[in-house]
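First the structure, in the form of structure tokens, and then the observations on it.
Derivation of every value follows stated rules applied to the coordinates shown; laboratory data play no part. All of these numbers come straight from a predicted model, not from anything done at the bench. As a convention, Cβ positions derive from the backbone with ideal geometry for all residues, glycine included, and neighbour counts pool all protein chains shown.
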Amino acid sequence: MQHSHKHLRVAVGAFLSIGLLSGCGGATEDSPAQRVEAQSVIGTNGQLISIQSDNVQAAGYDVNSMTMTVQFKNGYTYEYYGVSADLWNSFIAAQPHPWSQVGNPRLVQAGVPYKRIR
């Protein structure tokens, strides 16, 4: 689960940055605002990350536009529109079978709007 570790590092990095900026170097408890900020890191800002899968090479998610990008090992890349953060998180968690367990049933079969971009 390499990607979970990456997202965890981003969340921990955001949390540590907030802690240092707010001057709580010796504090042992986190304020609610710090916990919310650390947990709000969702998606990849649209950047593609490597996916462990037989048919998916990489994927990315932009929470602001709710756009999920999937690059297949055959070279084709698709954008799916109106995708929830929950679906993205489920896709990442379903590795090494994200397409058969989440992508195909919850994107293709569900009729989510898409466009082939490459």
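Here are the numbers for this structure:
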{"read-out": "Counted charge near residue 100, where neighbours are those whose Cβ lies closer than 15 Å (Asp, Glu -1; Lys, Arg +1)", "value": "+1"}
{"read-out": "Tail weight of P(r) past 22 Å, computed on alpha-carbon pairs of the range 43-118, percent", "value": "7"}
